[in-house]
Every structure is written in C-alpha cells, then in structure tokens.
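The values are calculated or read from the model by the stated rules, or taken from the named source; none is laboratory data. Worth saying up front: this structure is predicted, and the values here are computed from it rather than measured. Note that each Cβ is placed from the backbone with ideal geometry, even for glycine, and that neighbours are counted across all protein chains shown. Note: accessible area is taken over every heavy atom of the protein model, side chains too, but ligands, DNA and RNA are not part of it. Shrake-Rupley method; radii C 1.70, N 1.55, O 1.52, S 1.80 Å.
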Amino acid sequence: MDLAAAWPPFGLRLRHQELELRPATDHDAVLIASWIPDLLPADQRYFMPHLFRSINADTPEEMTHLELQWIWRQRADMTPDDWGISLTVVVDGEPVGVQGLQAVGFRVRRTIGSGSFLVSGRRRTGIGTRARAMMLLLAFDHLGALAAESGYMDGNDASRIVSERLGYLPNGVRFQDFEGIRCRENRLLLEADRWHSTRAAWLDEVDIEGASALCRQLDIHR
C-alpha cells in the first residue's frame, strides 16, 4: 500500500500550467521553516499564528521543530468536523510558498478559512491569487463548502487585494487580542453562489487529483 492509499490527503494535487499545490511533506516543513525569517510578522500574526511563534523562536532548529509540529498536528487532529491542510505552492518544480485551508464545525457550517504566504521573490507576481483561487476551487467545487471566510489586518494590502480580486465582500470588523496586542481585523466573506458567478474562466483548466479520496476520509457527501 502506498502512502496516499494509507493517508488520502497525501494524494491530493492541484495543477494549473506551471503551478502546483500539494500537501506539505515533512521535507517541505523543514524548507518552510527556513523561509520564516524572511516573513513579516505583522502580515501573518492572526492567520498563521504558528508562523509568528516560529519567527520568535530562538534558533533555526526551534523554528523547524515548531513547523514540523504544526504539520503533524494537522494530520493527527483531522476529523470530518475540524480539519486543516497545508498545501505547498510549487512553481516549475520549486517550492515557493504555502496555501493553507482549514475548517471548524464543517459538517454543519460548510465554511472554510485560509492563510498563505510566498517567499519574497515570488510576491506580486499573481502566484498568490492563483494559488488561493485553486484552493477555493477545491473547497467549493469538490469539498462542498458553501462559504469561505478571510480577513486582513490594517495595512496588509496584499491580502486585501487578493481577496477583492476573487470576489470576497466586506463582512464587518473584529478586534483580536494576539500576544497582548490589539489587532483590527477586517473580515471578508465569499459565498458559493457568488463564487460560481464570478470565478475566472481559467479555473476550468485546473487539474485536481485525489479530491474524491479526501472527501471519503472527511465523510463529505456531495
């Protein structure tokens, strides 16, 4: 039995032209940890708090340990109600970032959230928008999501622009207490009907493998 047969998330692949999303491996987690010093903490504090903790780690070894623990925890804690998947963003065979998706109470709420980052040399190239769009295609068209939530902190224009391009609408403001800092979070929402009416035509060219096996593991019935 191969690894994907034993653990279906490992068989998931999303491809469009030179861009691929695949579940992060242990090797990817070590690589991701090496990117962490390049991140701006203010960009990621709320959406990917484990990365913020890693940024504050004392040594590269501690960063690697925290990232591995996060990847392992997502696998170990996956249930039909509560789950998360970190997808490595790969361009022409080179890992360049992470696109995550997660859900809480999914069987009733049918709502997903997300978080992402790219290495500095790949930002503002359109890769982040495409990666999030591919993730949304998986969530809405294959996993049965009815809504996608997102948000951005004041000043994080890159995240705001990606969300606006993909059709998210304003959904209020929330103030977060993170590490003792009061953070203003601008909430956004994209519902399935709007997604299906506004999604880009190029998404029809995205090849997705392994979604059916993932649905069986998460007890998702379309």
- Message: Anything in region 15-28 that is in a strand (DSSP E or B) and either at pLDDT below 90 or over 21 Å from Leu66 (Cβ atoms) (or both)? List them, or say none.
- Response: Arg15, His16, Leu19, Glu20, Leu21, Arg22
- Query: Pick from Leu39, Leu12: which is on the phi < 0 side of the Ramachandran plot, in contact with a helix residue (DSSP H, G or I) (Cβ under 7 Å, 6 or more places away or on another chain) and at pLDDT below 75?
  - Reply: Leu39
- Message: Criterion first (touching a residue at least 12 places away in the same chain (Cβ under 8 Å), in contact with a helix residue (DSSP H, G or I) (Cβ under 6 Å, 6 or more places away or on another chain), aliphatic (A, V, I, L, M) and open to solvent by less than 10 Å² (accessible area, probe 1.4 Å)) does Val96 satisfy it?
- Response: yes
- Message: Being farther than 21 Å from Glu185 by Cβ, touching a residue at least 40 places away in the same chain (Cβ under 8 Å) and of a type in the set (Ser, Thr, Tyr) narrows it down to one residue among Thr88, Thr64; which is it?
- Response: Thr88
- Here the qualifying pairs (Cβ atoms under 7 Å; residues six or more apart or on different chains; first in region 1-17 and touching a residue at least 60 places away in the same chain (Cβ under 8 Å) and crowded, with 18+ Cβ neighbours inside 10 Å; second assigned to a strand (DSSP E or B) and basic (Lys, Arg)) come out as Leu12/Arg22
- Query: at pLDDT below 95, open to solvent by less than 60 Å² (accessible area, probe 1.4 Å) and not hydrophobic (A, V, I, L, M, F, W, C): does that describe Ser163?
  - Reply: yes
- Looking only at residues in region 150-170 that are part of a strand (DSSP E or B) and in contact with a Phe, Trp or Tyr (Cβ under 9 Å, 6 or more places away or on another chain), which one is farthest from His196 (Cα to Cα)? Met153
- Determine whether region 68-78 contains at least one residue that is among the hydrophobic types (A, V, I, L, M, F, W, C), touching a residue at least 60 places away in the same chain (Cβ under 8 Å), open to solvent by less than 10 Å² (accessible area, probe 1.4 Å) and not in a helix (DSSP H, G or I). no
- Near pairs, Cβ below 7 angstrom, 6+ apart or cross-chain, from region 193-206 (more than 18 Å from Gly126 (Cβ to Cβ)) to any residue that is surrounded by 11 or more Cβ atoms within 10 Å (Cβ to Cβ): Arg194/Gly167; Trp195/Leu136; Trp195/Phe140; Trp195/Gly167
- Which of (1) of a type outside the set (Val, Ile, Thr); (2) closer than 27 Å to Gly210 by Cα; (3) without any contact (Cβ under 8 Å) to a residue 60 or more places away in the chain is the odd one out, the single condition Leu169 does not satisfy? (2)
- From Leu169, Leu188, Leu136, residue being closer than 22 Å to Leu19 by Cα and either touching a helix residue (DSSP H, G or I) at 6+ places or on another chain (Cβ under 9 Å) or open to solvent by 60 Å² or more (accessible area, probe 1.4 Å) (or both): Leu136
- In region 87-141, what residues are closer than 14 Å to Asp28 by Cα, within 12 Å of the chain's Cα centre (by Cα) and aliphatic (A, V, I, L, M)? Leu87, Val89, Val98, Leu118
- Would you point out the residue of region 121-133, among those that are charged (D, E, K, R) and open to solvent by 30 Å² or more (accessible area, probe 1.4 Å), that is farthest from Thr198 (Cα to Cα)? Arg122
